[in-house]
Structures are given as C-alpha cells and as structure tokens.
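The values are calculated or read from the model by the stated rules, or taken from the named source; none is laboratory data. This structure is a prediction, so every number in the text was calculated from the model and none was measured. Cβ atoms come from the backbone with ideal geometry, glycine included; neighbour counts cover every protein chain shown. SASA here: full protein model, heavy atoms, side chains in, ligands and nucleic acids out. Shrake-Rupley method; radii C 1.70, N 1.55, O 1.52, S 1.80 Å.
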Number of protein chains: 2
Amino acid sequence: MRLVVATCSAEYSGRLNAHLPLATRLLVVKADGSVLLHSDGGSYKPLNWMSPPCKLVVTAADEDAAARGVVQVWVVQHAKSDDRLVIELHEVLHDSAHELGVDPGLIKDGVEAHLQVMLAAQIELLGAGARLVRREYPTAIGPVDILARDAAGATIAIEIKRRGDIDGVEQLTRYLELLNRDPHLAPVRGVFAAQEIKPQARVLATDRGIGCLVLDYDAMRGVDDSGARLF
Amino acid sequence: MRLVVATCSAEYSGRLNAHLPLATRLLVVKADGSVLLHSDGGSYKPLNWMSPPCKLVVTAADEDAAARGVVQVWVVQHAKSDDRLVIELHEVLHDSAHELGVDPGLIKDGVEAHLQVMLAAQIELLGAGARLVRREYPTAIGPVDILARDAAGATIAIEIKRRGDIDGVEQLTRYLELLNRDPHLAPVRGVFAAQEIKPQARVLATDRGIGCLVLDYDAMRGVDDSGARLF
DNA sequence: ATATTCATCTCGCTC
DNA sequence: GAGCGAGGTGAATAT
C-alpha cells in the first residue's frame with residue numbers, strides 16, 4: 001500500500017464525468033492497483049476512486065502540464081471498462097509505502113437473516129397458535145421469507161425487513177398475488193414485519209389488507225437467549 | 001489528517017456487531033474525528049469505520065490488554081448514537097499527520113438528471129407532436145420525472161431510469177394511479193424510459209399498459225450537441 | 001455467469 | 001428533522 005499526500009486535481013470519466021479542483025488530498029494506492037482519493041472530511045466514501053481491476057501509470061508532466069505547475073500525472077485505467085481516472089499532482093507532501101499482507105476480513109453478526117431466524121423460532125408473535133410452515137418458502141418470483149399458518153389453519157405469508165418501507169409492501173403484494181393462485185394455500189394473508197415500519201408503508205399495507213408487525217430486536221434476542229439456555 | 005499503519009484488531013458495535021481479527025491495516029483519522037480502517041485490497045469501502053460526528057480517545061493498554069500484546073487502545077465513540085469502534089493496536093509501523101485544508105468538492109456531470117434534461121428537450125421521441133408540460137412535476141407522493149401531452153392532447157407521465165427494473169414500473173404505477181384521479185389530467189398514460197429496460201420490467205409495464213422507451217444516451221447527446229451548435 | 005437483495009449503505013434534495 | 005430517490009452504488013448470495 002502506497003500513501004501519498006499531495007496537492008492535486010483529478011478528472012474521472014466513465015459512467016459519469018466528474019472533476020476535482022486543485023486541493024490537498026490523500027491518495028491511497030492499494031496492492032491490487034485500486035486508487036482512493038480522500039479529503040480530510042466527509043464519510044468513508046472517497047471523493048474519487050478507481051476500483052480493481054485497474055492499472056496505475058505514473059508519468060512526468062508534459063510541457064503543457066508543467067506550465068500549469070503539474071509535476072506528476074497519474075493515469076488509472078480500468079482493465080475491462082473505459083473508466084478512467086486522471087490525477088495531476090502539483091506538490092507531493094508525503095509519499096510512503098507499506099507491506100500489509102492479506103486481511104482476514106470482517107466477521108459480522110446480526111442483520112435481517114437473524115431477524116428471520118428469530119421470528120421463525122418465535123412464530124407465536126403472529127398470534128397464539130401460529131405454526132411455522134417454513135422459512136424461505138420458494139415461489140416462481142423468489143422465496144417468501146416465512147410461510148406460516150394461524151390457529152385456524154389459514155396461510156400467512158411474512159415479509160421481513162430491517163426497515164419497512166414501501167418497496168417491501170410491493171414485494172409482499174406480488175407474493176400474495178401468486179400464493180393466492182395456489183388452491184392448497186389460498187386464502188393467504190400477508191404480514192409485513194420489520195424493526196421499523198415507515199408511515200407510508202403502513203398506510204399502503206393496511207390499504208391492501210396486509211398486517212404490520214413491529215419487531216423488537218433486543219426483546220426477541222432476549223427470548224432467543226433464554227431459549228438457548230433451556231436446551 | 002493522521003495516517004497510521006498498524007497491526008491491530010477491532011470491534012464495532014452499533015447497528016450491528018462486527019469483529020476484525022489481528023492484521024496490519026491503514027488507519028485514517030480525519031479532521032472531523034472520523035476514522036477509517038482500510039486493508040490493502042477490496043473496494044473503496046473500509047473494513048470498518050466511524051462516521052462523524054464522533055470522538056477518538058487514545059489510551060494506553062491496561063494490564064490485561066498489554067498481556068495480549070496491545071500497546072494502544074483507540075475508542076471511537078459516536079456523538080449521538082451508541083455506535084462505537086474499539087481498535088487495539090499491537091504494533092505501530094507508521095504514524096504521520098498532515099494539514100489538508102478544506103476540499104472544494106466534486107463536480108459531477110451526466111447521470112439520470114442529464115437524461116431527464118435531454119428527453120425534455122427531445123420530447124418528440126415520445127411521438128410526433130408531443131409537447132413538454134414540465135419536468136419534476138410535483139405530486140403528493142413525489143415528483144414525476146416528466147409530464148407531457150401527446151399530439152391529441154392526452155397526458156403522458158414519464159419515469160426515467162438509467163437502468164429500468166421492476167421498481168421503476170411500480171413507482172410509475174403509483175404516480176399514474178394518483179394522476180388519474182386529477183380530472184384536469186386524466187386520462188394519463190405512462191411511459192417508462194431508460195437506457196436499458198430489463199425483460200421483467202418490460203413485461204410488467206406492458207401488462208399495465210405502460211409504454212417502454214429505450215433511451216440512447218450517446219445519440220441523444222449527439223442531438224443535444226448539434227442543437228447547442230445550432231443555437 | 002447472471003440476477004436479486006442487502007447495506008453500519010451514503011448522499012443529496014425537498015418539505 | 002424526516003422522507004424519498006439515486007448511486008460510478010458495492011457486495012453477497014441464490015439461480
């Protein structure tokens with residue numbers, strides 16, 4: 001990994017065209033040839049970048065560029081597309097290289113999949129007597145998160161999201177349309193389950209006869225833990 | 001901006017919990033206190049990070065940590081949420097600070113907004129005699145990209161996407177439902193315009209009586225350019 | 001290989 | 001501040 005702090009300007013062309021005026025920035029060149037161009041603020045997203053596979057070619061400034069104060073030109077060309085990032089360095093304030101080795105990578109825990117597993121295990125949150133049919137119930141247009149039956153034996157299709165917005169209701173609506181064509185399942189009613197359900201999504205769901213269930217992650221995890229201790 | 005190359009492990013807890021095993025990485029501390037933790041590969045996204053507003057507190061390793069080989073502990077705490085990143089540094093290979101100043105920011109050009117402007121200018125792509133009503137026509141559920149009228153005076157609502165998939169058709173459907181309740185506009189028909197329309201989206205659109213229009217960006221830009229030269 | 005879905009999404013805009 | 005839509009979305013996963 002090479003770290004360069006330099007006053008530079010940059011031009012990106014590819015899926016869009018973008019220009020960065022002259023300023024002092026951090027340039028990171030990774031082992032795979034990818035380049036990041038960071039300012040001293042904002043988020044984790046660079047101002048500009050080139051994703052691998054790509055190739056960096058460093059050249060001296062031509063006469064024209066040198067007249068503008070450019071000392072080095074970096075051309076980063078994507079290997080497969082015509083995406084290209086051209087950086088003109090005016091002053092190099094720092095330049096160092098480091099051997100980092102391979103990274104073992106991030107280990108994550110606890111997202112939507114976890115919600116699905118927990119709700120399947122605590123299916124009575126839907127109502128007393130509810131029974132799980134299966135998670136990831138396959139259909140022609142994709143798997144339904146959870147299929148269940150209520151105490152009376154009627155089918156329930158559940159769509160789970162971390163944040164419940166309008167798209168999730170649309171998705172569940174498509175599933176319901178399809179599932180209700182199956183005489184073994186019909187009539188199927190829908191339940192939209194999420195940690196947080198946006199007002200517009202709730203209105204749309206209610207309008208379509210879809211129930212809303214707000215999931216309390218911490219509470220469910222608490223039940224999950226005691227269950228784990230019991231068995 | 002402070003750049004540190006160090007062998008470290010990290011724990012993030014907040015919207016999820018995540019762990020990074022011991023490895024050599026780049027740590028970037030920005031002027032606003034945000035921290036990025038980069039490996040020597042992957043994309044522009046850090047392995048782990050903390051977004052501003054947040055505060056970094058560096059402490060010496062306690063006895064327990066020192067026994068594990070830790071020399072420094074960084075605790076990055078988010079100012080408003082309980083998001084927290086704890087980094088244990090085992091060996092510091094590089095440490096430097098740099099004054100970067102404020103960045104003027106990126107200047108973008110040419111994405112969906114550009115498609116919208118060009119289609120508005122070349123509205124007869126919809127059919128001879130078509131006239132533009134306005135771009136970003138406001139409705140209660142968000143702005144319609146383009147509202148137009150055909151040669152016969154009938155209203156057309158256009159949704160523009162770079163890549164036309166099923167969500168865009170759903171979006172346009174919601175707009176059409178709403179617009180058709182307005183007696184000044186009804187009947188309103190829909191046109192789904194995109195650089196590329198996915199088969200599933202085309203089927204759904206056709207099924208709902210929505211027209212599909214594939215936009216040739218380069219050709220439109222060509223017309224746009226000659227237009228610019230003519231006037 | 002392609003298609004779908006999630007994301008500690010981020011970012012920008014409008015209300 | 002909340003909501004909504006776009007992204008050079010990227011990344012993972014199922015098909």
Treating the point 7 Å from Cα along Cα-beta-carbon as the label, what are the nm separations from B:Leu93 to the other copies, to one decimal?
2.4
Return the calculated 222 nm mean residue ellipticity for chain B, to the nearest 500 deg cm²/dmol, obtained by summing -39500 (n - 2.57) across DSSP H runs with n ≥ 4 and dividing by the residue count.
-6500 deg cm²/dmol
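Nearest 0.05, what FRET efficiency do A:Val214 and A:Ile141 give at R0 = 22 Å with Cβ-Cβ as r? Spell out each step's value before the answer.
Values: r = 26 Å, r/R0 = 1.18.
Once the sixth-power term is evaluated, E becomes 0.25.
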Amide H neighbours of A:Arg25 under 5 Å, at least 5 residues apart or on other chains, H built in the peptide plane: list them.
A:Ala6, A:Thr7, A:Cys8
Any idea what the dipole of the protein assembly as shown comes to, in debye rounded to 20, about its Cα centre with Lys/Arg Cβ at +1 and Asp/Glu Cβ at -1?
1280 debye
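If you take the accessible area of A alone, add that of B alone, and subtract the area of the pair, what total do you get in Å², probe 1.4 Å, to the nearest 100?
4600 Å²
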How much area per residue is accessible in region A:1-119 when the probe is 1.4 Å and only protein heavy atoms are counted (Å²)?
46 Å²
From the label point of A:Ala79, set 7 Å from Cα along Cα→Cβ, how far away are the matching label points in the other copies, in nm, ordered shortest to longest?
4.2
Using a 1.4 angstrom probe, figure out how much accessible area region B:130-231 has per residue, in square angstrom, rounded to the nearest whole.
54 Å²
Label-zone membership for region B:82-121, site B:Val223, 7 angstrom Cα→C-beta point, backbone N under 19 Å
B:110-121
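Of all the accessible heavy-atom surface of region B:68-213, with the other protein chains kept in place and a 1.4 Å probe, what percent is carbon and sulfur?
Numbers: 3870 of 7470 Å².
Carbon-and-sulfur percentage of accessible area, whole number: 52.
In whole percent, what relative contact order does chain B give with Cα contacts below 8 Å and a gap of six or more residues? All intermediate terms of the calculation are to be shown ahead of the outcome.
Details: 438 pairs, mean separation 29.0, N = 231.
The value is 13 percent.
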Karplus couplings for region B:179-188 from phi (6.51 cos²θ - 1.76 cosθ + 1.60, θ = phi - 60°), rounded to Hz, Gly and Pro as x?
5, 6, 7, 8, x, 6, 9, 4, x, 10
Every other copy gets compared here: list the nm distances from the A:Leu213 label point (7 Å along Cα to Cβ) to its counterparts, shortest first, one decimal.
4.4
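So between B:Arg163 and B:His184, what do we pick up on full extension, going 0.36 nm a residue minus the alpha carbon distance? Before the final figure, lay out each step's value.
Working: separation 21, 0.36 × 21 = 7.56 nm, distance 3.13 nm.
Full-extension gain reported as 4.4 nm.
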Inter-part gap, Cα centre of region B:122-138 to Cα centre of region B:175-219, in whole angstrom, is 13 Å
At most 10 other Cβ within 10 Å, DSSP loop - trypsin sites (Lys or Arg not before Pro), region B:52-143:
B:Lys80
